[in-house]
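In what follows, a single structure is set out as structure tokens and then discussed.
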Amino acid sequence: MSQLLIKNGKVILGQDAKIESVDLLIKDKTITEIRPNIDYKELENNNENITVIDASEKLVSPGFIQTHLHFCQTLFRGSADDLELLDWLRLRVWPMEASHNPASLSASTLLSLGELIKSGTTSALTMETVHHTETVLEVVEKTGFRATIGKCMMDKGYGVPSRLSEKTKDSLNASLDLIKSWKSESGRVSCCFAPRFAISCTQELLETISKIAQENNLLIHTHASENLKEIEVVQNETGLRNVEYLQKVGLAGKNIALAHCVHVNEYEQRILAETGTHVLHCPSSNLKLGSGLAPITEMLELGVSVSIGADGAPCNNNLDMFKEMRLAALLQKMRYGSSSLPAKKAFYLATLAGAKALGLEEKIGSIEVGKTADIIIVNLNQLHSTPTPDLLSALVYSANASDVETVIIDGQILMYKRELKTLDEKEIIAKANKEYSELVKRAGI
Ligand code: GUN
Ligand code: FE
């Protein structure tokens with residue numbers, strides 16, 4: 001059994017994020033002891049497989065959990081700027097997704113994972129494209145990252161290129177085949193359903209997914225109420241507000257994760273709260289696509305479960321949780337005053353709330369004995385974060401992604417002193433550039 005001892009750090013502990021100077025002992029994947037002065041010499045298996053990390057003067061935090069990402073889109077970074085959602089999809093993102101092959105998708109996934117690990121994200125909920133999702137699952141499994149991944153489902157119109165357009169039955173079968181055949185040796189990587197959004201899915205598809213997901217305890221990850229034109233289409237087609245319609249077809253509940261929810265009225269917010277539906281807030285994406293300002297403060301007051309994601313690289317253009325967490329807090333202050341969404345709450349949305357959305361709150365999201373070790377070590381001893389009268393404030397409002405020094409996922413060190421252990425940065429960049437130029441030619445844009 002491998003043992004990992006993190007010594008002398010300032011550790012963000014438990015569900016209420018209290019900071020204490022303690023050492024952490026990790027056996028295999030699990031945090032087994034939290035107390036001051038755990039002595040290397042008192043550990044069993046002395047000298048064998050014990051790695052000691054000195055975290056003196058550093059902050060030890062649960063890793064960030066992003067609940068809305070598209071690994072397949074990371075290769076489209078910078079290729080779809082300054083467009084609103086429906087044009088962004090039709091003119092750029094869909095043609096590029098349609099042009100993915102396993103090699104380009106692998107390059108896009110590796111690029112995502114490199115950026116995420118280097119910026120302290122340890123888990124993700126992702127929606128991929130219609131094809132080749134097995135490639136994403138395999139690459140994530142191999143890297144040591146933790147993710148719940150869905151094959152995108154689209155069985156209805158609105159400018160969808162033919163290669164992404166599926167028959168209802170084929171879409172269901174392809175998702176089910178993937179879910180049934182996927183075996184994660186590590187247990188870190190799992191599958192979910194990912195119908196794209198109401199306007200590209202038939203009612204039959206959504207109702208069937210809802211039923212199967214409930215019977216098999218599966219998560220459903222989709223987009224909802226992001227853009228005014230999108231909700232207008234839903235309203236015209238169904239006579240209902242988007243969230244109302246989703247509830248009607250069975251997409252409201254604790255296993256449902258809705259990205260965005262920017263334009264949700266009070267009635268819809270109450271549906272989200274009462275059903276335990278998870279809202280995945282994407283502040284940068286909402287600003288860049290000009291989608292709007294999500295009523296996060298109101299939803300939190302009503303008891304809605306809210307967590308955070310960067311969304312796709314072409315609408316952000318980074319996958320950096322430090323930027324999202326800070327922006328999430330600042331945006332609510334602009335709307336509701338300076339005391340709304342304080343640092344501690346923003347930190348909660350970026351960690352434990354994400355674990356809840358993934359249904360993994362017993363396992364990850366906080367540093368506690370018995371939980372799995374998904375941990376980051378952050379060096380706040382920097383010009384831009386000094387002094388640090390309040391370490392959570394420093395983490396949320398002043399720290400940068402590059403302050404993350406060490407990343408541990410499932411008890412395995414994936415980055416040490418900013419060096420990636422399971423990935424080669426130069427190779428990732430070279431592959432991404434090569435695959436990008438070939439994909440753009442295939443896409444004809
Ligand atoms: N709505 C439907 N598809 C997408 C997507 O890929 N990204 C975003 N931001 N919204 C969407
Ligand atoms: Fe998205």
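A few points about this structure:
- Those residues of region 261-298 which are within 16 Å of ligand 2 (Cβ to nearest atom), open to solvent by 10 Å² or more (accessible area, probe 1.4 Å) and not in a loop (DSSP other than H, G, I, E, B), in sequence order: His278, Ser284, Leu287, Lys288
- Taking the criterion of being in a helix (DSSP H, G or I), open to solvent by 40 Å² or more (accessible area, probe 1.4 Å) and closer than 22 Å to Ala294 by Cβ, the residues of region 239-260 that qualify are Glu244, Gln247.
- Qualifying residue in region 305-323 (condition: more than 16 Å from the chain's Cα centre (by Cα) and of a type outside the set (Phe, Trp, Tyr)): no
- Tabulated pairs, region 75-102, first farther than 13 Å from Glu435 by Cα and among the small types (Gly, Ala, Ser), second at pLDDT 95 or above and more than 13 Å from ligand 1 (Cβ to nearest atom), C-beta under 6 angstrom, 6+ apart or interchain: Ala98/Pro161; Ala98/Arg163
- Residues satisfying the stated conditions in region 269-292, i.e. within 16 Å of ligand 1 (Cβ to nearest atom) and over 20 Å from Glu361 (Cα atoms): Cys282, Pro283, Ser284, Ser285, Asn286, Leu287, Lys288, Leu289, Gly290, Ser291, Gly292
- Criterion violated by Leu172 - all others in (1) within 23 Å of Asp320 (Cα to Cα); (2) surrounded by fewer than 24 Cβ atoms within 10 Å (Cβ to Cβ) satisfied: (1)
- Taking region 405-445 as the range and being open to solvent by 40 Å² or more (accessible area, probe 1.4 Å), under 16 Å from Val140 (Cβ atoms) and in contact with a strand residue (DSSP E or B) (Cβ under 7 Å, 6 or more places away or on another chain) as the test, the residues that pass are Lys421, Thr422.
- Reported count of residues in region 183-228, each being within 16 Å of ligand 2 (Cβ to nearest atom) and either of a type in the set (D, E, K, R) or farther than 22 Å from Gly309 by Cβ (or both), is 2.
- Members of region 293-317 that are within 23 Å of Ala343 (Cα to Cα) and within 12 Å of ligand 1 (Cβ to nearest atom): Gly309, Ala310, Asp311, Asn316
- Looking across region 250-268 at every residue that is small (Gly, Ala, Ser) and away from ligand 1 (no atom under 12 Å from the Cβ), the one that is farthest from Leu91 (Cα to Cα) is identified as Gly253.
The values are calculated or read from the model by the stated rules, or taken from the named source; none is laboratory data. Remember, it's a predicted structure, so these values are computed and weren't measured experimentally. Every residue, glycine among them, receives a Cβ derived from its backbone with ideal geometry; neighbour counts consider all protein chains shown. Keep in mind that these areas ignore ligands, DNA and RNA; they rest on the heavy atoms of the full protein, side chains included. Shrake-Rupley method; radii C 1.70, N 1.55, O 1.52, S 1.80 Å.
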